[in-house]
Structure formats: C-alpha cells, structure tokens
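Student: This is the structure I want to talk about, given as structure tokens.
We did not get these values from a lab; they are worked out from the coordinates using the rules stated. Note that the coordinates shown come from a computational prediction; the quantities given were computed from them, not determined experimentally. Reconstructed Cβ throughout: ideal geometry from the backbone, glycine too, with neighbour counts over all protein chains shown.
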C-alpha cells in the first residue's frame, strides 16, 4: 500500500512538471499532503496517541488543508496571473524530471545499504531534486514557496526512509519550520506586492556586486 | 534555569512587541539586558552541568555566550538612537526590538544546546527573527534582501536537517536514537563512514549560510547591507558564531573517526575559495557595508582553514572567532555613525571624515589596523598561529595563496577606508551630531581586542583549551 502511495507521489512530481496553472500546483500540494498522511499512518500505525495527533496535524491539517488554502488566498489577493510562466518549455521539464527520477533510482541502487527502505529513499531524493529544479526553472515568487514545500515533503518522506523513529522534539521542530516559513513567506509576498507591481523574481535582482 | 530564561526572554520580547510606550520600552530593554547577563553568569557558575537535559554550558558555549552578551548591550543601545532618530512608528519600533530580543534568545539557546536537532531548531528561529530585522526599512532593497535571506537560509537549514537524517542512518547499526553530541562523540568510531561523509557534506553546506563560507554566503551579504547597522553588527558577529558552533560541534564528532582527514580537505577547499571570493569582490566594491560583509567572509575562511589545519590552529580558530566578533561588530556600529553623517554608504561620496567626526575617524583608523590584523591587533596573534599551524601541517600550497590573497584584501580595504578618512568629498548636506556615549562603547569593544590579543587572561586561555580538548584525539 505504501508503495502505491509513494508511486503516486512520484507521479505527482511528473504532473507538476507539465502543469500550467498556479492553482494546479496548489492542488498537487494538497494531494501530496494526503499521500504523506497515508504513508505516515500505515508506517506508524502502532505509535502512541500524542505522536499520531502530531502527524495528523502536520500532514492533513497543515500540509493538505491550511497551506493550499493560504496559497490560494495569496494568489487571489495579489491578483497573480494564473499561468506559471516557466523559463523552460514543459516538455523539457518533463524530460528533466524523468531524468532526475531515473538518476535517483540508480543512486539508491548503488548505495545499497540495508538500513534504508529503497522506495522511500527514491521518492524523497526525487522530491528534493525536483523541488530544487522547479525553483530554478520558475519565475514567480509564489512558485518558489510551493517548491520549498515540495522539498519539505521530500524531507518528511526521508525521515521514514531512515527507519528508526525521530524523536518527538524533532517532529515538532519540522512542524514549526514548515508552518512558520510558509506563513512568513506568504505574509511577506503580500508586502512584496505593495512595493513592486508584479510579483516576479526578476524584480528582485537589484542587489548584486 | 534555561527554561526560566527562555520563558522570561520570550515574554519580554512579546511585551516589547506589543508595547507602544517609550518609557516602558526602556524598562523592558533594561530588564532584557539584566536577564541576559544573569543567565550568562548563571551558566558560567554552573559549567558542564546539563540543564533540562538538552542544554549544556560547556567551554565553547560559555565563550560564545559571553561574546553575545557583551555585544548585545551596544547593539540594543545603539538601536535606541537609531530607531528614535529615524522617527519610526511605535509599531515598527516594537517589532524591531522584539525581533532583536528573540534573536538574542535563540542564539543563546543554540550555543548551549547539547543535542544536534535542538541546535537546528534554534538556528531556524534565528533565521526568522533576523529576517524581521532585515525587513525593518520596508524599502525595495530591504524587501529583496529579506526574501533572499529567508529563502536561502530555509533551504540551507533543510539541507542541515537532511544531514541529521543521514547521521541517524549512519547510527543505524549501533541502534542508538539519541543525538546528543556527547553520546555521538562516544559512538563516533562505530559510525558508518559512507553516511557520515554524506551527512558531513550536508550539514557543512547548510551551516555555511550562517557562517558565510562559499556555497551559501550570498544571503548574508545582502542581509548585512540592508539591515539597520546595529542589526548588521549582530549578524556579522554573533550570528556567524552560531554557524561556527554548529559546524564545530559536528566537526568534533567527525574528528574521532577515519573521515577526519577527508573532512579537513572539504573545509579547506571551501574556506580557501571563500577567501578568494572575498578578495575578488573587495576590489569591485564601492559600498562600505558590503565591503565589511565580504571582510567577514574572508575572516571566516581564514579561521576555518586554521581549524582544518589542526594543532595550534584549533586554538587560533576560536581566538580568531572571538576577536573578529568584537572588531566587526564595533566597525558596523561606527558605520552607523558614518551613515548618519553622510546619509550614504557609497565610498566615493564619503570623504574627510576626520573633519566631521574626529573620534569616529580615529576609530575607523584604529579599527582598520585591527581588522587587517596588523601587529598591535589581537587578530595578528591569531592569524600568526594559523599560519604556524599551516606550516607545521605541511600545507604550504594553502598558505602561500592565502597570504597573497590577504595582502590584496588589505590593499583593497585600505584604499576604501583611507579614501573615506582623508580624501575631500564633494558637497555635503547638514551633519547630524553623533552620540559620544555610543562612540565610547565602540572604543571599549575595540579595546577588548587589543587586550585579549596581547595579554589574554589565564581564564580565557583555559576556556579555549577546554573547548578544543574534544578535538585532540
């Protein structure tokens, strides 16, 4: 079951590469949040109540509901154009993302350590590298935040790949990290909108030497 | 005690954030300084005893905490003049001071933390509070700097977290989930070397965003340029130290394994590249704040080379860290006065500083001697030790390019600073008088450098030796 979920997760990355509209990105984020909850629930079925509530909070409440809603609110409020406007054509993105996934497969086979679950490792690394690739290939600031959340999702899966359960405190830290960075960035985007007319990374390139 | 401190600092921070009254604000700042010093002295008295099982005031924590507590006083007090001079609204004032207090609190906790994940969490909090401070001016430049800072630091800290996850894979065969530094050091020889290497690369790369070494240094430069000068003083000293603490604690684990020589090469490559990058940019720069920011990168590069060289280099690295904190923070505070006088940071628009502010001009001259590590300065001593460590270790191929680069940096900085001091400037508007108590504080900070370098007190030397004792295998 977890394998199917993780494969869907990887497919969502491929879909992200060819999606055109910002709202599709937001929906992909919500889908990934639900997938993460499924994985976490199956993996940690025997865990105690407090941890379960925390995982539930982290995945369903924040990753699948709050963040996508907040993103939608920002997109609507700032009248951001609906197109994602990537630097590269979507077909190129698709090829690159496929290559990334193939390379992570090869890497995880080469590593061949029995401490990690291979499929988790593959999906985590793919999410990480795809997130970084999406950041450099997209123009709008809001897509950068969305891609940052994808990277965080990859890290979340990686923490399962590790096998032994991370301490409670670490989980709390991750929660804080995602929550605060996304909201801070979101509030901040509103402020960027006040200063410059369109929210575009090319506007933010005056500071250089 | 640490919990009391965190709760106290947090509540003072929140009260300051909500406060709109000027006198109450003063009282709160005073209270915060008192609390910070009370906690510092408490940690000093209870050395090497665990607090709340996640915090351990060991020698390195004590050194960095003392530096923080000393620098936080002038930073908070300089802010007072800065904020009221700029006629900000009470709301932005509250935000500024609140964020600064939270930053100092998070730094304190990150220094003291004895658990790798706890360090990470508090460093994450420093990113958030620091970005509030950078955003203070709310102009196009500060928006851009804040955006870059938040984004680069968040991604870097994600890399650190991945590094921590890899570390727990490396622990896998030992069946140990505790990530306390002390426990990790004990287990170090048993760790899986492949995962340990991977984890070192990730953690090192991530923390370079705070320390200001090559892969991730860019965020810090814009931040120091666009932040108000008292904040820039904190960013270029105590915030760099937190990156150093993060790397140093992990490095002392690695030092007990067979990965140690490999880690040294990684650090040296990154550090030498940093010195090189700093040199290249120093020649191009026309903005004094950016020039000082790049000078921080150079110094961090030099001290990391010292750390990697080993031997007396360990001692020199920590000495250099402490001295650099004082000199760079005091210089940034003085740049605040310079900016007040000329309303400009461009070197070409500034001249004849002696004429307008004699004490400040003299300060810049002395601090130039201090920052470029010329003989009476304490940094001369630490750099000399680093060169000696490189010679002893047989790293001539590192030492020679580094010496050439440092010489070029001295020339570049000198041409900038002497221009500001002696060359007549064009037309200049009205001058604002500067606060001489503040200048006095800057001189005091500078005096510490000369004192610590030339005649280090025995207690201080013992502290540094204790801090590096973990590295001696």
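Student: Run the simple label-point estimate for residue B:407 and residue A:43 please: 7 Å along Cα→C-beta, distance reported in nm.
Tutor: 5.6 nm
Student: State, to one decimal in nm, how far the label point of residue A:88 lies from the label point of residue B:258, with both points 7 Å from Cα in the Cβ direction.
Tutor: About 3.9 nm, to one decimal.
Student: Now for a different question. Using the 10 angstrom Cβ neighbour count as an exposure proxy, how do B:207, A:73 rank, fewest first?
Tutor: Neighbour counts put them in this order, fewest first: A:73, B:207.
Student: Note the angle between two axes, namely the Cα long axis of helix B:116-134 and the longest principal axis of the Cα atoms of chain B, as a number of degrees from 0 to 90, rounded to the nearest 10.
Tutor: The angle comes out near 10 degrees.
Student: Hey, quick one: spin label on residue A:103, modelled 7 Å out along Cα-Cβ, who in segment A:118-136 has an amide N within reach, i.e. under 18 Å?
Tutor: A:121-136
Student: Another one. If we count other beta carbons within 10 Å of each Cβ, what is the order of B:332, B:460, fewest first?
Tutor: Ascending number of Cβ neighbours within 10 Å: B:460, B:332.
Student: Moving to a separate point now. When the Cα centres of segment B:13-51 and segment B:177-205 are compared, how far apart do they sit, in Å?
Tutor: 35 Å
Student: So how much slack lies between residue B:444 and residue B:41, counting 0.36 nm per residue of separation and subtracting their Cα-Cα distance, in nm?
Tutor: 143.0 nm
Student: Quick one: if you stick a label point 7 Å off each Cα along the C-beta vector at residue B:182 and residue B:465, how many nm between them?
Tutor: Calculated label separation equals 2.3 nm.
Student: While we're here: For chain B, take the longest principal axis of its alpha carbons; what is the angle in degrees between that and the long axis of helix B:22-45, to the nearest 10 within 0 to 90?
Tutor: It works out to around 30 degrees.
Student: So if I restrict to the alpha-carbon atoms in segment B:1-258, what is the Rg, and what is Dmax, the biggest pairwise distance, in Å?
Tutor: Rg, Dmax (Cα atoms, Å): 18.7, 60.
Student: Mind pulling the angle between the C-alpha long axis of helix B:90-112 and the longest principal axis of chain B? Nearest 10 degrees, somewhere in 0 to 90.
Tutor: It works out to around 30 degrees.
Student: Given the C-alpha atoms of segment B:259-473, compute the convex hull and give its volume per residue in Å³.
Tutor: 108 Å³
Student: What whole-number distance in Å separates the alpha-carbon centres of segment B:59-73 and segment B:270-297?
Tutor: Their Cα centres are 26 Å away from one another.
Student: While we're here: By how many nm would the segment from residue B:87 to residue B:384 lengthen if fully extended, with 0.36 nm per residue of separation less the alpha-carbon distance?
Tutor: Gain in length upon complete extension: 102.3 nm.
Student: Which ordering of B:208, B:279 is given by a fewest-first count of other beta-carbon atoms within 10 Å?
Tutor: Ascending Cβ contact count within 10 Å gives the list B:279, B:208.
Student: Determine, from the Cβ-Cβ distance of residue B:396 and residue B:22 and an R0 of 45 Å, the FRET efficiency 1/(1 + (r/R0)^6), rounded to the nearest 0.05.
Tutor: 0.15
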